[in-house]
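Accompanying notes for the structure given below.
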């Protein structure tokens with residue numbers, strides 16, 4: 001639609017009013033854009049984090065994790081933040097735990113951290129799994145890899161660079177990428193999975209390079225436990241502790257939900273803050289827009305008076321104002337969301353690192369829903385603000401409006 | 001009669017005091033008549049005109065346009081009347097700054113929602129008012145007289161039965177005033193009734209009849225001139 005051309009349409013009146021007042025229009029659009037930007041940015045980040053922890057909760061699958069005493073925070077770092085670590089415990093803990101009443105599966109893992117040096121292609125968490133007993137990673141490795149993992153084969157997380165058939169080096173030894181998993185939004189995305197024997201060999205290679213004491217024969221790092229559900233994870237933890245002795249056993253029994261629960265609790269608080277901030281921002285924005293629309297309406301009293309004298313009805317005049325504000329709100333909303341996406345999407349890795357939350361993960365559908373929601377809320381703010389002004393102006397006597405416009 | 005007002009009253013409040021802006025004014029305008037309302041500033045002429053245009057409801061009294069009383073009409077009906085049957089030229093530059101001269105002129109057609117392109121009619125009215133060459137200009141580049149001509153052309157677009165003009169020559173020079181008055185005389189001769197407010201006695205001499213107003217009252221009841 002071109003302003004200045006005839007014939008002019010009713011929508012053209014609104015368009016020309018916006019186009020011929022570029023400063024006013026840009027200011028109003030910017031105000032709505034800021035609101036939409038914050039709403040979308042906030043909901044996208046919080047949504048990603050919540051979605052990531054949900055994914056982690058589903059993928060972990062274990063009720064309890066058995067770790068060397070004092071390593072409960074370390075496993076949290078591995079699972080949630082992708083912080084590589086190396087620690088060991090004795091293999092027999094897997095059998096011991098399996099014998100406890102209520103345990104239906106117990107599978108060991110071995111954690112080995114590679115490092116940023118010429119010996120290793122990338123710094124990553126190497127996780128050795130026992131393919132016969134594993135119930136945590138095996139089911140979703142199966143979706144990427146139909147057969148078993150052979151010696152020297154690895155499966156890489158979604159964030160690891162490298163394609164199936166490619167090679168990665170760890171501690172001077174070459175491994176073949178057998179499969180690559182989808183991104184999960186968890187610490188597993190940066191991990192390397194291999195069978196237990198390969199992982200033990202990697203641990204020995206590592207200790208040779210670092211000079212650290214070699215891992216004990218048949219070493220493991222953790223045992224993932226699945227229970228029959230008769231006891232709560234906390235009650236099971238108490239039963240394990242009482243069987244092997246508190247403090248003396250040298251193990252930590254951590255209900256899996258506690259790991260995620262700590263994060264979830266923090267996230268709930270964070271989400272609450274963001275929601276409250278967004279609500280306050282929305283109110284402020286409605287207020288600011290109301291003031292701006294009100295000032296604008298006052299400025300335009302003579303214009304509205306002229307239109308009334310030309311025969312525009314109150315309803316049509318209100319619809320003209322609403323049409324203008326709808327265009328402003330829509331343009332502002334879309335601009336804000338676009339800018340927010342422009343900031344978030346290319347820098348999501350940086351944001352993950354900055355806020356130490358690698359489990360940020362938001363499926364496109366959820367991202368679109370967040371965009372639609374932010375657009376709707378920003379649009380509503382603009383419309384609400386203009387409706388008040390247009391209702392006020394339409395309720396006035398036309399001659400009064402013209403006289404005030406002249407004053 | 002095109003329009004007939006009977007005993008119109010309008011009271012205004014200023015601070016805590018009230019005063020009668022229009023106090024029992026009655027007048028009428030017939031088809032093709034050119035009628036003036038004169039009086040000093042503050043005598044209630046503009047308030048009277050706005051009541052006649054349906055822009056301001058009177059406190060009491062009635063206005064009848066082509067046999068229909070305003071009191072029985074809702075906003076949609078009054079708006080349609082202003083849009084199609086009654087052209088109104090308000091005091092001062094009553095054009096919209098965001099639109100070109102042509103767009104300003106065709107605004108009543110756009111508001112009416114009617115089909116068709118009124119550009120040709122607008123161009124002929126601009127020709128008639130002597131500003132066709134300014135059709136593509138925005139109001140900011142026009143003089144006071146030119147703006148008034150735009151308002152006149154716009155008021156005539158829908159071929160109204162009555163043209164109401166509030167001080168159409170108020171701030172114009174002698175030559176431009178003469179041009180506008182010549183235009184009004186020719187419009188009236190073509191059958192469109194004109195009711196014009198002016199405080200200039202010389203301008204008022206061009207009208208067929210004249211009402212004088214003083215302190216909200218009509219003091220000379222529409223005497224024929226010349």
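What follows is calculated from the coordinates using simple rules that are stated; it is not laboratory data. Note that the structure is a prediction, hence the values are computed from the model and not measured. Note that each Cβ is placed from the backbone with ideal geometry, even for glycine, and that neighbours are counted across all protein chains shown.
Odds and ends about this structure:
- Comparing B:83, B:17, B:98 in a Gaussian network model of chain B, where Cα atoms under 10 Å apart are tied by springs, the biggest mean-square fluctuation is seen for B:17.
- Relative to the dominant Cα principal axis of chain B, helix B:119-128 is inclined by about 70°.
- Shape category assigned to the protein assembly as shown from the gyration tensor of Cα positions, a/c cut at 1.5: prolate
- Rounded to 10°, Cα long-axis angle of helix B:174-189 versus longest principal axis of chain B: 80
- Mean sequence separation of contacting Cα pairs (under 8 Å, at least six apart), scaled by the length of region A:64-228, corresponds to a relative contact order of 34 percent.
- Taking the DSSP beta bridges with both ends in chain B, the antiparallel portion is around 55 percent.
- Helical content alone sets the calculated 222 nm signal of chain B at -9500 deg cm²/dmol, taking -39,500 (n - 2.57) per DSSP H segment of four or more residues and averaging over every residue.
- Cα long-axis angle, helix A:314-344 against chain A (0 to 90 degrees, to the nearest 10): 30
- Near-label residues of region B:39-68 by backbone N, under 11 Å of a point 7 Å along Cα→Cβ of residue B:14: B:42-43
- Within region A:64-228, percent of DSSP bridges classed antiparallel, to nearest 5: 70
- Among beta bridges that DSSP assigns inside the protein assembly as shown, antiparallel share in %, nearest 5: 65
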